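Data first, discussion second: the structure below is written as structure tokens.
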Amino acid sequence: MKLICGSRTLDLRSPVVMGIVNVTPDSFSDGGAFRTAAAAAARVERVVEEGAAIVDIGGESTRPGAAPVAVAEEIDRVMPAIERAVRLPVVVSVDTSRPEVIRAAIAAGVHLVNDVRALTVPGALEAAAAGPVGICVMHARGEPAVMQDNPRYEDVVAEVDAFLGARVAACVAAGIGRERIAIDPGFGFGKTLAHNLALLRRLDVFAAQCLPLLVGLSRKRMIGELTGRGIDGRLAGSVALATIAALRGASIVRVHDVAATLDALRLVAALQESET
Ligand code: YH5
């Protein structure tokens, strides 16, 4: 499998890592625009050195309960890191939902638009379709501020699958070819632990859409719920979940800890190659 991302193409015959770069003042202890930009640039370089195929740059905090950020502020946060990253040999992804940010990022040469709102914000679909860029559409139930308030589904796997199928159809109708689209069930976005486990157990259902499957499990609350560990103690759990997801058909794993995850994915790739 391949994913066309503008001028770059991702070879997904074996699973790859998307390294997370959060450009939010709260992700760097000191705050301040200049120091935040410098820390983000250093983080971009580290993620690429560690072997990520994709670097995912985001300026909006979508953690449960997070407050929204002004669009100009989001652009100011992500653009310096994007401009730095596009010079490096890596696919550069912008993690955003807003048409203004999508347009600015595409103008700067970004290769992939990763949207936790699946291009549902008015104007976002058109903005993403205008570039030759790759797209990741993710399922979420409700806005971050309220998404963990008692989420309910009749059948979480079927509902997420139907939503993703509908968003892929909307992308195709807007002129985005299927070779440019990846899908993501959106772990933790309006889901309980039981919902997240159901999605992980049935990743094969999403893989059956014959599109690259992206998953983000790194350091998420479900690991805390199952291990009792805080954010800083979730490395082993994150690598384990990345391994499980890759074994169940994920092509792209979005992670904070690139080097450790790559080791695990190399083992998965060796196992999968020995089968074919
Ligand atoms: C994702 O799954 N997630 S931002 C809470 C955490 C740790 C991490 C409580 N963007 C995804 O990473 N894009 C985010 O600890 C994403 N898939 C895609 N495609 C949330 C996040 C996080 C939240």
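Starting from 0 in steps of 5 Å, tell me what percent of the Cα-Cα pairs of the chain lands in each bin.
1, 6, 13, 18, 21, 19, 14, 6, 2, 0, 0
How many nm is it between the label spots at Tyr153 and Glu273, if each spot is 7 Å from the Cα in line with the beta carbon?
Modelled inter-label distance: 3.4 nm.
Pop the C-beta distance of Val172 and Phe34 into the FRET formula with R0 = 45 Å and round what comes out to the nearest 0.05.
After rounding to 0.05, the efficiency reads 0.60.
May I ask you to derive the relative contact order of the range 143-276, considering only C-alpha pairs under 8 Å and at least 6 residues apart, and to give it as an integer percent?
Result for the range 143-276 is 21 percent.
I'd like the projected area of the range 74-155, averaged over all directions, using the convex hull of its alpha carbons. Report it in nm² with one decimal.
Numbers: hull surface 26.1 nm².
If you wrap the Cα atoms of the range 74-155 in a convex hull and average its projections, you get 6.5 nm².
Solvent-accessible area per residue for the chain at a 1.4 Å probe radius, Å²?
It amounts to 43 Å² per residue over the chain.
If contacts are Cα pairs under 8 angstrom and at least 6 residues apart, what is the relative contact order of the chain in percent?
In percent, rounded to a whole number, it is 20.
Got the relative contact order for the range 36-118 handy, in percent, Cα pairs under 8 Å and 6 or more residues apart?
31 percent
Using helices alone, I'd like the mean residue ellipticity at 222 nm for the chain: each DSSP H run of four-plus residues gives -39500 (n - 2.57), total over residue count, nearest 500.
-13000 deg cm²/dmol
In whole percent, how big is the carbon plus sulfur part of the accessible area of the range 111-176, probe 1.4 Å, protein atoms only?
On the way: 1500 of 2660 Å².
With neighbouring chains kept in place, the figure for the range 111-176 is 57 percent.
Note down the accessible area of Val69, probe 1.4 Å, to the nearest 10 Å².
Near enough 20 Å² of accessible area.
The values are calculated or read from the model by the stated rules, or taken from the named source; none is laboratory data. Please read all numbers here as calculations on a predicted model, not as lab measurements. Ideal geometry is used to build each Cβ from the backbone, glycine not excepted, and the neighbour counts take in all protein chains shown. What goes into the accessible areas is simple: the full protein's heavy atoms, side chains included, and nothing from ligands, DNA or RNA. Shrake-Rupley method; radii C 1.70, N 1.55, O 1.52, S 1.80 Å.
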